[in-house]
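Report on the structure given below.
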Amino acid sequence: MYGKLNSACLYGIDGVLIEVETDLSNGLPQTSIIGLPDSAIREAVERVRAAIKNCGFKYPSQRVTINLAPADLRKEGSSFDLAIAIGLLTASAQIILPSEEKTMFIGELALDGSLRSVNGVLSMVDLAKREGFDSVMLPWENGQEARLVRGIRVYGVRHLKDMIPPASINLTQKPEGGETARPPVRVESLDHLLLNEQVLMVSEDGDDAPPGRALEDYADVLGQQHAKRALVIAASGMHNILLIGPPGTGKTMLIRRLPTIMPKLEEAEALEVTKILSAAGKLKESASGLIRTRPFRAPHHTISSGGLIGGGAIPKPGEVSLAHRGVLFLDELPEFNRQVLEVLRQPLEDKQVTISRARAVFTYPAQFLLAGSMNPCYCGWYGSETDVQRCTCSPRRIVHYRSRISGPMLDRIDLQLEVPRPREWQQEQASISSEEMRRQVLTAQAVQAERYRELPISWNSELSGALLRRFCKMEPRAHTLLQQTVEALGLSMRSYDRILKLSRTIADLAGADQIGMEHTAEAIQYRKLDMKNMSSN
């Protein structure tokens with residue numbers, strides 16, 4: 001007897017359709033799973049065997065062959081348990097499912113027949129919808145996540161027995177009088193498993209609501225108007241930023257409030273970000289639908305290269321992918337291992353991460369705003385000495401500290417500015433709030449959305465090549481100033497382009513169609529480390 005059901009697994013962060021074929025034939029009772037399964041899938045035989053018996057059904061005492069197609073794709077995880085179990089029950093004529101409905105089966109089985117949640121359900125259900133499936137059956141715990149994909153029926157199952165309608169439950173009981181045969185259970189409809197429409201879907205918060213955490217606001221940061229201006233520019237065009245200053249000047253405090261001024265995720269962006277969290281197994285506690293706020297990730301400086309960009313025997317998304325469409329904050333940047341920082345070069349340029357393994361190549365999205373902070377030297381007081389605090393670092397030691405961040409890495413950071421010790425703490429004065437800064441960011445975003453409405457980009461930081469020359473028209477004086485600066489500071493062509501893109505964002509904030517000299521001058525003064533290097537030479 002032969003049967004075939006459909007399931008799915010993750011490949012990177014995307015779902016891949018897998019056909020679960022079941023064949024029962026005469027021979028010694030044994031079960032084989034073929035099709036490049038991993039250890040978790042091979043162990044599914046014992047989980048499924050126990051679950052079927054503990055639910056009152058009979059495990060086939062025949063030669064059982066289970067094939068996971070396509071056979072040349074490596075499969076991993078426990079999401080095939082439900083499809084294997086139902087495939088065995090239908091192939092052995094113990095259950096007859098509705099034939100008019102095309103259903104995908106996803107879920108891990110416990111030994112008692114209950115279902116456990118699996119990672120990556122959002123990507124799998126989205127795949128099912130795109131492949132034309134009518135419905136998907138999965139663990140109840142994953143139901144809310146699955147309901148985020150509209151236009152497909154979602155059946156939530158707590159226990160394998162739940163598949164049987166209440167009126168047919170007595171048919172699964174063991175027959176009396178020593179009989180071994182029993183009639184098959186015909187499931188006329190699966191509507192009793194259909195999830196309630198009241199399951200939370202997309203958050204309906206208004207677009208005017210600030211997306212940041214309620215207790216964090218830039219109004220709490222006294223002074224630092226120059227740094228706040230730079231953060232508005234960074235958020236407006238998704239430009240990378242680095243804050244440099246002595247301890248206690250508010251660098252971390254400033255950057256941690258960055259999400260409060262950034263626009264909410266659009267529908268497509270929200271689905272993409274939520275898929276990544278689902279694939280990484282970090283969506284289980286979500287209770288408000290699609291992720292609408294931009295991610296903010298702040299890994300510790302002891303993180304490895306694999307933890308930062310993703311990896312492992314079976315690659316999983318790293319911090320750069322978890323920060324996709326949001327902010328990746330590297331506090332005390334020089335304390336990170338230099339080799340770890342260098343792996344950021346590719347994602348900063350390509351907006352994605354490619355991880356190669358012997359059997360497959362995985363690509364994860366990684367479009368993020370890199371925000372960093374650092375002290376000016378090892379002791380932290382260089383350039384900010386007071387009568388109490390003095391820098392104890394030699395010139396050679398200062399150079400060694402700053403060289404922990406390579407030149408090519410600094411090239412990729414658009415805004416580099418000093419954050420001095422605040423002087424406003426001695427007096428009460430009004431401080432610009434997150435809401436005021438966010439209004440400026442939304443204004444610049446609206447300009448960019450209109451400009452790039454027919455292009456596959458959204459931000460000024462994504463401009464390159466012909467698009468850069470097309471949209472970054474400069475006044476003659478501004479062009480002359482930029483050329484003279486590049487020659488005087490010995491900047492690379494990458495730095496030239498980044499200053500140009502930064503000037504475009506500053507012009508957008510000012511409501512100017514053409515980049516003026518004042519916009520270029522402001523962009524240039526944010527290359528603080530380039531100026532420091534020139535003065536030291």
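Annotations for the structure displayed:
- Taking θ as phi - 60° and the Karplus parameters 6.51, -1.76 and 1.60, the scalar couplings of region 231-245 work out to 5, 4, 5, 4, 5, 5, x, 6, 9, 5, 9, 9, 9, 10, x Hz in sequence order, x denoting glycine and proline.
- Counted residue by residue at 0.36 nm each, then reduced by the alpha carbon distance between them, the extension gain from Glu436 to Glu100 reaches 115.3 nm.
- Between the helical axis of 121-130 and the longest alpha-carbon principal axis of the chain there is an angle of about 80 degrees.
- Whether region 469-524 is rounded, prolate or oblate, judged on the alpha carbon gyration tensor where a/c under 1.5 counts as rounded: prolate
- Sequence-distant aspartates and glutamates (8 or more away, or on other chains) whose Cα lies within less than 16 Å of Lys228: Glu216, Asp217, Asp220, Asp414, Glu418, Glu424, Glu435, Glu436, Glu522
- Sequence-distant aspartates and glutamates (8 or more away, or on other chains) whose Cα lies within less than 12 Å of Lys161: Asp112
- Principal axis extents of the C-alpha atoms in region 2-193 (largest first, rounded to whole Å): 52, 36, 27.
- Simple Cβ-charge dipole of the chain, Lys/Arg +1 and Asp/Glu -1, about Cα centre, in debye nearest 20: 1260 debye
- Within the chain, helix-based [θ] at 222 nm, where runs of 4 or more DSSP H residues each add -39,500 (n - 2.57), nearest 500: -9500 deg cm²/dmol
- Set Lys129/Lys351; Lys4/Lys282; Lys102/Lys129; Lys4/Lys316; Lys351/Lys473 screened for pairs whose C-alpha atoms are more than 20 Å apart: Lys129/Lys351; Lys4/Lys282; Lys4/Lys316; Lys351/Lys473
- When the Cα positions of His301, Ser189, Ile66 are compared along the charge dipole of the chain, His301 comes out farthest toward the positive end, with charges on each C-beta of Lys, Arg, Asp and Glu.
- Glu141/Glu342 FRET efficiency (R0 41 Å; Cβ-Cβ; nearest 0.05): 0.55
- Global form of region 218-426, assessed from the alpha-carbon gyration tensor, a/c cut-off 1.5: oblate
- Taking label positions 7 Å along the Cα-Cβ direction at both Ser39 and Leu467, the computed distance is 4.5 nm, reported to one decimal.
- Between Ser394 and Ala446, residue separation times 0.36 nm minus the direct Cα-Cα distance comes to 13.9 nm.
- Bridge orientation summary for the chain: considering DSSP beta bridges with both residues in this region, about 45 percent are antiparallel.
- Label point of Ala93 set 7 angstrom out along Cα-Cβ; within region 37-61, amide nitrogens under 17 Å from it belong to 58-61.
- Residue order, fewest to most beta carbons within 10 Å, for Phe368, Phe362: Phe362, Phe368
- Look at where the Cα atoms of region 41-107 and of region 427-489 average out, and the two centres are 55 Å apart.
- Here, the chain has an Rg and a Dmax of 28.9, 100 Å when only alpha carbons are counted.
- Cleavage-rule hits, trypsin sites (Lys or Arg not before Pro), region 416-510, DSSP coil, Cβ neighbours within 10 Å at most 11: Arg423, Arg453
- The GluC sites (Glu not before Pro) found in region 304-401 that occupy coil by DSSP, while having at most 16 further C-beta atoms within 10 Å, are Glu332, Glu385.
We did not get these values from a lab; they are worked out from the coordinates using the rules stated. For clarity, every value in this text was computed on a predicted model and none was experimentally measured. Cβ: placed from backbone, ideal geometry, glycine included. Neighbour counts: every protein chain shown.
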